[in-house]
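This report concerns only the one structure given below.
The values are calculated or read from the model by the stated rules, or taken from the named source; none is laboratory data. All figures in this text were calculated on a predicted structure; none of them were measured in a lab. Neighbour counts are summed over all protein chains in view; Cβ atoms, including those assigned to glycine, are modelled from backbone coordinates with ideal geometry. Calculation scope for accessible area: heavy atoms of the full protein, side chains included, ligands and nucleic acids excluded. Shrake-Rupley method; radii C 1.70, N 1.55, O 1.52, S 1.80 Å.
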Amino acid sequence: MRCPRIGRSMGSSMILLSWIILLGVSSDLVLGADDFYFTRIGDGESITSRGRKTVVDQERRVTLECAVSDARQIGFRWSMNGISLHNSSRRYQIGSNLYFSRIERDEDAGEYSCVATNFSSGHSKTSAPMSMSVIWISPTTSVVLSSPERASDIRPGVDVVLKCRIEATTSDITYEWFRNGDPVERSERVASRGRKLHLNSVTGMENGCYTCSAKNDIAGISTPVGKFPLIVKDEKIPKILLVPEDQIAKKNESIRFDCVFEQTTFLQWFFYDSEPLSNSSRYIIHPNGSLTITHVEERDEGVYKCLGNSLSFPEEEPQIYSCSLRLAYLQQLSSNYSFDPPPLISNNKLAVPENGFLQINCDEPAGLPTPRTWWEGPDGKVVLSETSTFSQSSNTLTLRNVNLNATGNLYTCVAENLEGITRASFELIVTPPPTIFGHPSATTATEGETTFFVCQFRGAEYPVSHIRWMKNRILIHHVPAATPGRRNLGHHQNPIALGVSSPHEEAQFSQRAFLFPENGTLKIESVQLNDAGDYTCEVITDGHPPVESRPAQLFVTEMLKFTPKPIDRKLELGTNSKLHCRAKGSTPPVIKWVKEGQPLFQWPSHVLDQNGTLHFLEVKATDRGVYTCVATSSTQGIINSTIYVDVIVSPKFSVLPKNPTEVTEGQSFTIHCAAFGDPSPTISYDHRPSNNLINGFDRNRFRVMENGSLLVTEVMKEDDGFMGCTAGNSGGFRREEVRLIVVKSNDHYYSSESLDDTVMTRTISITLSVAAGYMLLVVGLMMCLYSLWCRYRQLRRKQAYLAEVRKETGDAEMKDNVNNSICNVNGNGPHHLLPNGHVVKTESCRESVKSDGETAKSSHSSTVGGGTKTASVTASITSHKSAYSQSSKRSAASSTWVKHIINAN
């Protein structure tokens, strides 16, 4: 019975533990989500210290930034002086940033804070306040008397203080003082302190008209319009009774300056520092001293000075008082740039939501004198009612609770001054909330086709309302995002190219998707697989919440295509290579290769086609040709792609440069480098560390020979380094380097001229040596021929002599004489001359003669004794004849060979 209790207890404990864990995890998640901090506030400055931003009144496009470390599930809002801000057409929030289209000094100066709130937990954090100060100075200045209190109290010896009066929101102002249009020079009695000018112990010498100008580096310069005439009464100087006033005149009108002195001999007028003015067609000086200028022009603008001399004391300085003339002007108002915000629609129409709120400012135009500005309503009267108000200080028109009946009302901003009047108007368009009645439909498109999505709605027409599209909840936009009062929607005749939020998707999508703004139709060209998804249209009308359509799905059918398409290839001869062909479609295709001029799908033994890949085992020259990859799908048909395959031999060196190579400065040398390949490679050279190609070398010293070798005619010290030889063709490149060591010559330095002389001398010497050798060869051959010819003639003579001996065998006396002569040859004893010319030694001359006689006799009669001996002699003679015949043949062959040599030479 205890076990169940234990089980129930353990079960309860486990459940409790689970809840504790879940609560802990949830708490950690919430705490983790709330653990953010501000990273940027105002202009992006650090918010660890109190921020400050300074702007100028009426400044355009000011932004206050706000960012946190983790913006997930974070919402933002802004507050000013602790009060939450609401969007208006002039000041509005987009995202986390606060934007000002125009700064108003009365409304925008204060402390701003950014409030970030976690949507899931409700936890909020407020940034440190950032103070925004607005710098402004009035456009004009004037001068007033600060001391003494009244101008009548000014007399000689009194200290006078003048004050430059200006309205400003800053004290950082620089002042400059003028007397009669000229800068006031400081002295012991004249000093400027801030906006005040101190004149100590004044005299009549300080009399004149005083003006001042004010300058701020940010807000600009204020021009003087109000002057103070200082009049110190003195009996010795003329007293001015009427000070000339500054004038503003319209062009081509006439004006008059009045100036009256008391106790003066004469009065003169000056324009700046020119000669005294006199009566003319344009200037009239009246008897009372007044000056009239007729037909005022731009050249007449400037400072005029009235001068009076003392009647009783002519030696005293004359009194001068100045006045200025300026032309009136008025800048024209325009609906394009005078309204803030500007009209959002063509034809100067401005949209406001039904029962909505509109605030629009009319920028005061530049003009002289300062123009007066006001708004007129549809009835042509100044706007002033319960629903329409006009602020004179900021020229802002405010419309509240506008109904649909106000559509078409015309409101006009009017500005007027001496120069004239100018107007700018806009037409009010009141917009109802939009509703979608035609939601986009799901569609199926084949990859590469064009598809459309249509979205139909009721409400204000384009461009008051416009459509934007989202894909998978990601905004597709090219037109700037809609912001209160700042969306610039002109009339578009052509489709607008769209982009998307992701940079990668934008690169793929922006050139193919278009929005037709008039009807909001989305067009997608060349549909791709990653275009598939849910598409939603959103109708945007200013002042109304966006309205979304139901999502419409895009299905994309993959087309039959190569992935990627085959391209021309170069295969290395003798290597193992592959040709790849891949394709895909809605169903897997069958891929085959075919070669032009070869039976379909039949390949040599060294080529194998496997699933679209051709395998080459030792590429052969016959593999060169045109190949086609064919992809076949049972549902999508056939596609093919043709390429050309070339068989090449990448460069290989047949001659490599000697490495290293040591040369002497000033001498010449050659780098031998040769390579072979198919196609035949080209040879180029480079030199490190200069990394110049051969084209960059000095062509007077470097020359590439026809065989690819590099000839350097004159080596210089800067050539020391590495010379590279590169052989290249369509199959690739190969490079070899040779270390070139340049040593300095210890003997002499060869200039390029002396080196050319040396080369020429060597050339001549070699030529002469070759010629001499040739001549010696010819002479030797001729001597050999002569020797052979002599031996030939000697043999011929011997043969002729033996023939004569055989004819004269009957003359014994001749035989004796011959035998005796033979016996006495060289005194060496008895010899016998045979018919072949050989001499045979015998026992005695007598015996020889007898034997011969017997032989001779036997030749004329029958054989009588001594037959054996005669046969022996006959055999000997026959043998000698055979030897003689062989010798004659060799002589003839030698003669023939000599003749061939002579003919060849």
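Here are some notes:
- Here the condition is being modelled with pLDDT under 90, within 28 Å of P546 (Cβ to Cβ) and not in a strand (DSSP E or B); of N401, N405, it holds for N405 alone.
- If you go through region 412-452 and keep only what is in contact with a Pro (Cβ under 7 Å, 6 or more places away or on another chain), open to solvent by less than 30 Å² (accessible area, probe 1.4 Å) and not polar (S, T, N, Q), you end up with A415, F426.
- Residue match in region 265-283 (condition: open to solvent by less than 20 Å² (accessible area, probe 1.4 Å) and either part of a loop (DSSP other than H, G, I, E, B) or touching a residue at least 40 places away in the same chain (Cβ under 8 Å) (or both)): no
- Members of region 218-242 found to be touching an Asp or Glu at 6+ places or on another chain (Cβ under 9 Å) and part of a loop (DSSP other than H, G, I, E, B), listed by number: I218, A219, K227, V232, D234, K236, I237, P238
- When residues of region 679-713 are limited to those that are of a type in the set (A, V, I, L, M) and at pLDDT 85 or above, the one nearest to L573 (Cα to Cα): I683
- Within region 588-607, tally of residues that are part of a strand (DSSP E or B) and either touching a residue at least 60 places away in the same chain (Cβ under 8 Å) or over 21 Å from P564 (Cα atoms) (or both): 1
- In region 223-264, the residues that are polar (S, T, N, Q), at pLDDT 90 or above and more than 14 Å from Y304 (Cβ to Cβ): N252, S254
- Unmet criterion (only one of (1) β-branched (V, I, T); (2) part of a loop (DSSP other than H, G, I, E, B); (3) touching a helix residue (DSSP H, G or I) at 6+ places or on another chain (Cβ under 9 Å)) for T635: (3)
- Extreme residue, least open to solvent (accessible area, probe 1.4 Å), among residues of region 654-679 that are in a loop (DSSP other than H, G, I, E, B) and touching a Pro at 6+ places or on another chain (Cβ under 9 Å): C673
- Residue match in region 309-328 (condition: acidic (D, E) and in contact with a Lys or Arg (Cβ under 6 Å, 6 or more places away or on another chain)): yes
- Residues that are over 42 Å from the mean Cα position of the chain (by Cα) and not β-branched (V, I, T) within region 429-457 comprise P432, P433, P434, F437, G438, H439, P440, S441, A442, Q456, F457, listed in sequence order.
- Scanning region 74-97 for residues that are in contact with a Leu (Cβ under 9 Å, 6 or more places away or on another chain) and part of a loop (DSSP other than H, G, I, E, B), we see that the one that is farthest from M132 (Cα to Cα) is S89.
- Elements of type strands (runs of 3 or more DSSP E) in region 296-378, at least 1 residues being polar (S, T, N, Q) and open to solvent by 40 Å² or more (accessible area, probe 1.4 Å): 356-362
- Condition met for S526 (touching a residue at least 60 places away in the same chain (Cβ under 8 Å), part of a loop (DSSP other than H, G, I, E, B) and open to solvent by 20 Å² or more (accessible area, probe 1.4 Å)): yes
- Considering region 608-622, and only residues there that are of a type in the set (A, V, I, L, M) and in a strand (DSSP E or B), the residue that is surrounded by the most Cβ atoms within 10 Å (Cβ to Cβ) turns out to be L614.
- Counting residues in region 98-116 that are open to solvent by 60 Å² or more (accessible area, probe 1.4 Å), in a loop (DSSP other than H, G, I, E, B) and touching a Pro at 6+ places or on another chain (Cβ under 9 Å) gives zero.
- Among residues of region 562-575 that are more than 26 Å from E447 (Cβ to Cβ) and in contact (Cβ under 8 Å) with a residue 40 or more places away in the chain, those with a beta-carbon under 7 Å from a residue that is open to solvent by less than 80 Å² (accessible area, probe 1.4 Å) and of a type in the set (F, W, Y) at least six positions away or on a different chain give the pairs L571/F616.
- Among the residues here, I671 qualifies as at negative phi, among the β-branched types (V, I, T) and modelled with pLDDT under 90.
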